[in-house]
Structures are given as C-alpha cells and as structure tokens.
Amino acid sequence: MIQPPLSELLKKIDNRYTLVNVTAKRARMLTNGAQPLSAVKSDKDVTIAIHEINEGKVRYRRIKRDAEPAEKRQDTGGIQ
C-alpha cells in the first residue's frame with residue numbers, strides 16, 4: 001500500500017497530473033542536492049518529495065499563459 005494514500009495527497013494538490021509534476025520537480029531538486037524538508041526514513045527522493053507534499057512543506061503556483069499566440073503579438077520592445 002502506498003503511504004500516504006493518493007486521496008490524502010489530492011487534498012493538497014488539485015489533480016493527479018499536477019501532483020506528478022510537483023513530485024517529479026521536487027524529487028529532481030533533492031537529487032541535485034536540495035536539503036529534505038521532512039524527516040523521512042527513506043533514501044528515495046520521490047518518497048521524500050511525496051511526504052513533503054503531504055505535510056504541506058512543498059507548494060506550487062500556476063502560471064497563467066496568454067491566450068494569444070506569441071507570433072501574433074505586436075512587438076512593443078518590452079514596453080506595455
């Protein structure tokens with residue numbers, strides 16, 4: 001059985017696809033040397049990341065993208 005259960009993790013992150021992306025990104029950070037935010041008895045980065053998410057120690061934010069494709073935008077030289 002997976003601990004913590006998926007139903008608990010989905011209370012922290014709104015859908016399973018975002019959960020996978022956040023978990024993978026945090027696991028990659030751990031692999032690259034980031035310090036764990038949670039005391040977990042595991043040496044697996046994905047397991048540590050999942051526990052950090054469940055404990056509310058990892059957050060994410062969505063970045064809204066423009067609806068208009070980049071090639072149709074008028075170049076203003078950075079001035080809005």
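When residues in segment 49-67 are screened for being at pLDDT 95 or above and of a type in the set (Val, Ile, Thr), 2 of them pass.
Answer with yes or no whether Ala39 is surrounded by 10 or more Cβ atoms within 10 Å (Cβ to Cβ), among the small types (Gly, Ala, Ser) and modelled with pLDDT of 90 or more. Working first, answer last.
Values: surrounded by 10 or more Cβ atoms within 10 Å (Cβ to Cβ): no; among the small types (Gly, Ala, Ser): yes; modelled with pLDDT of 90 or more: yes.
So Ala39 fails the test.
On the basis of being basic (Lys, Arg), surrounded by fewer than 16 Cβ atoms within 10 Å (Cβ to Cβ) and not in a loop (DSSP other than H, G, I, E, B), does Arg61 make the cut? Spell out how you get there, then give the answer.
Values: basic (Lys, Arg): yes; surrounded by fewer than 16 Cβ atoms within 10 Å (Cβ to Cβ): yes; not in a loop (DSSP other than H, G, I, E, B): no.
The answer is no for Arg61.
Which one is surrounded by the fewest Cβ atoms within 10 Å (Cβ to Cβ) among residues in segment 1-35 that are in a loop (DSSP other than H, G, I, E, B) and of a type in the set (A, V, I, L, M)?
Keep residues of segment 1-35 that are in a loop (DSSP other than H, G, I, E, B), which gives 1-5, 10-15, 32-35.
So of that shortlist, the ones also of a type in the set (A, V, I, L, M) come out as 1-2, 10, 13, 34.
Details: Met1: 3, Ile2: 9, Leu10: 13, Ile13: 19, Ala34: 14.
So, considering only residues that are in a loop (DSSP other than H, G, I, E, B) and of a type in the set (A, V, I, L, M), the one surrounded by the fewest Cβ atoms within 10 Å (Cβ to Cβ) is Met1.
The values are calculated or read from the model by the stated rules, or taken from the named source; none is laboratory data. In this text, all values refer to a predicted model and were calculated from it rather than measured experimentally. FYI the Cβ positions are ideal-geometry reconstructions off the backbone, even for glycines, and counts take in every protein chain you see.
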